[in-house]
Amino acid sequence: MAGKIMTDIEYFKDMKLTKSQRRIVDTFLKMRKKKDLEAIKVVELCEKADVNKSTFYSYFHDIYDLSDRLQMEVFKRIIASFDEPDAIINEPGKFTIDVLNSCKPDAGIMQTLFSGSQSYKLPMKLEEAIKEQFYLYKPEHKGDMKHAVMLTYKIYGAFFAFKNKTQFNQEEVIRYIGELSGSFALHIG
């Protein structure tokens, strides 16, 4: 994923979807580029995708479920694209840099899925995906308050520092955030 900028519809072409699911996803993404999530109605989506409502509901609970699944898929793909996914434990600074750099080519799909009322979900989904990766390598820390707080602090801090420091050189900001993330790792084991 990282490195190649894809159109929204190309982004999900590797997902294992039925033809009906593919039409639903493709149509949803086209509609989402033009409308807020709340303005997309299942009836209209199904008409444009040429699928029955019952087909839609056999795959998704509602329009929000569809959106949530696609949002989470973005971050799962970003993390899966890393050469060293265990860097979250061994090299947290490098992992942070990898995450931020990997988000750049995916900015288009992120803008589509996280625009409007969904913008607050971007750091939440990022946190969910990173914690999933962290607990995969360190299951003994699941439920540990110190690790949960540290991860949330690092993820939200890195996200908002990156997002709000656009006046500076992006590569330098990413590198410095990575340095900070690496230094935080020294404080808990």
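When ALA107 is tested against the conditions (1) on the phi > 0 side of the Ramachandran plot; (2) within 12 Å of the chain's Cα centre (by Cα), the lone failure is (1).
Evaluating GLU128 against the criteria (1) over 20 Å from ASP106 (Cβ atoms); (2) in contact (Cβ under 8 Å) with a residue 40 or more places away in the chain; (3) charged (D, E, K, R) leaves one unmet condition, (1). Checking the structure you have, find out if any residue of segment 82-97 is under 30 Å from LYS35 (Cβ atoms) and outside the structural domain of ALA39 (by TED's automatic domain parsing). Among the residues of segment 82-97, not one is under 30 Å from LYS35 (Cβ atoms) and outside the structural domain of ALA39 (by TED's automatic domain parsing), which makes the answer no.
Does ARG69 fit the bill of being more than 15 Å from the chain's Cα centre (by Cα) and either in the same structural domain as TYR176 (by TED's automatic domain parsing) or not aliphatic (A, V, I, L, M) (or both)? Answer is no for this residue. Of all residues in segment 21-48, those that are among the β-branched types (Val, Ile, Thr) have Cβ atoms under 8 Å from Cβ atoms of residues that are outside any helix (DSSP H, G or I), 6 or more apart or on another chain, in ILE24/VAL51; ILE24/PHE60; VAL25/PHE12; VAL25/MET15; VAL25/LEU17; VAL42/ASP62. Please verify whether ILE40 is at pLDDT 95 or above, closer than 21 Å to ILE109 by Cα and among the β-branched types (Val, Ile, Thr), treating the condition exactly as stated. Yes; evaluated as a whole, the condition is true for this residue. Note on segment 112-189: no enclosed helices (runs of 4 or more DSSP H) hold 1 or more residues that are at pLDDT below 95, within 30 Å of ALA39 (Cα to Cα) and touching a Gly at 6+ places or on another chain (Cβ under 8 Å).
Taken over segment 40-55, residues that are assigned to a helix (DSSP H, G or I), farther than 15 Å from LEU29 by Cβ and out of contact with any Lys or Arg (no Cβ under 7 Å at 6 or more places or on another chain) amount to 4. Scan segment 43-63 and give yes if some residue there is within 30 Å of TYR137 (Cα to Cα) and charged (D, E, K, R), otherwise no. No. Is segment 140-153 home to any residue that is among the basic types (Lys, Arg), in contact with a Ser or Thr (Cβ under 8 Å, 6 or more places away or on another chain) and touching a residue at least 12 places away in the same chain (Cβ under 8 Å)? No, there is no match, as no residue in segment 140-153 is among the basic types (Lys, Arg), in contact with a Ser or Thr (Cβ under 8 Å, 6 or more places away or on another chain) and touching a residue at least 12 places away in the same chain (Cβ under 8 Å). When GLU84 is tested against (1) within 23 Å of GLU73 (Cβ to Cβ); (2) part of a helix (DSSP H, G or I), exactly one condition is not met: (2).
Checking the condition loosely packed, with under 15 Cβ neighbours inside 10 Å, within 20 Å of LYS121 (Cβ to Cβ), at pLDDT 95 or above and not aromatic (Phe, Trp, Tyr), which residue from ASP50, ASP62 passes?
After applying the criteria, what remains is ASP62.
The values are calculated or read from the model by the stated rules, or taken from the named source; none is laboratory data. Just so it is clear, the structure is predicted and the values come from calculations on it, not from any experiment. Positions of Cβ are generated from backbone atoms using ideal geometry, with glycine treated the same way; all protein chains shown enter the neighbour counts.
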